Amino acid sequence: MSETLLLDTRIEPRQARAQRRIADILRATETLLAAGEKVTTSAIAVQARIPVGSVYRYFPNVFSIYRTLFEKLNGELRARIFAVMQNADDEKTWEMLSEEILAQAIDLYRQHPAYGNLLQMMADPMLQKVRQECVDETSKIFAARWRAGKDGFHNGDIDLVAQTASKLFTFVEQAYFEQLRIGGNASPFLEMVKTLRAYLSLYLST
């Protein structure tokens, strides 16, 4: 069976009832992940209070559910990043914007603690492509801003810098959830934030 068949939803949820059922499945999966429970299609069905056959109607396996949930949450994060950049006035420096983006990211992480577990799962060979696709979408937001002449971009390839910055941001995300797992030591997280900002300082003007 191909990777596409393993990860794609079985049917397009055009009807409202199907959309609600998929939302129930994703919500149940997120709840189980946040609680550190073992996630299986049976456990998801119990949590969502639906027949297990309903899970298989829309998703071929748990990997497919992980993919859809990660894309949903990462899409919410990208929407926040885009909003910060769209609403920024010319007085704001890129350092200020990075602070706002980080604050928005942390707010989302706190609202969706399961996102940290999903990030770990994205290292699975089955899901690495999904994570890269999300990185690509984030990099497009940065690249579009810099092509519009914002933040004083200079001395670099916009697409390459945007892609690298987006990848570094995923390391910041990982470090944030790692600090929670090891008892609140924020040092690795703060170091990754410094690394990202140091990299951007090479190409953006204050």
(request) Give me the accessible area per residue for the chain, probe 1.4 Å, as a whole number in Å². (result) 53
(message) Rg/Rh for segment 87-138 to two decimals, with Rh computed the Kirkwood way over all alpha-carbon pairs.
(response) 1.11
(message) Once you keep just the Cα pairs under 8 angstrom separated by 6 or more residues, what percentage relative contact order results for the chain?
(response) 18
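Percent of Cα-Cα pairs more than 25 Å apart in segment 85-206, please.
Numbers: 1871 of 7381 pairs.
Taking all Cα-Cα pairs of segment 85-206, the fraction more than 25 Å apart is 25 percent.
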(message) Given a 1.4 angstrom probe, I'd like the percentage of the accessible area of the chain that is carbon and sulfur, rounded to a whole number.
(response) 52
(message) I'd like the Kirkwood hydrodynamic radius of the chain, using the inverse of the mean 1/r over distinct C-alpha pairs, in Å.
(response) 18.4
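Tell me the relative contact order for segment 87-179 as a rounded percent, counting alpha carbon contacts under 8 Å between residues six or more apart.
Numbers: 36 pairs, mean separation 25.8, N = 93.
Normalised by residue count, the contact order of segment 87-179 is 28 percent.
So which GluC sites (Glu not before Pro) in segment 60-166 end up in coil per DSSP with only 14 or fewer other C-beta atoms within 10 Å?
Answer in residue order: 91.
The values are calculated or read from the model by the stated rules, or taken from the named source; none is laboratory data. These numbers come from a predicted model, not from an experiment. Backbone-built Cβ (ideal geometry, glycine too); neighbour counts: all protein chains shown. Keep in mind that these areas ignore ligands, DNA and RNA; they rest on the heavy atoms of the full protein, side chains included. Shrake-Rupley method; radii C 1.70, N 1.55, O 1.52, S 1.80 Å.
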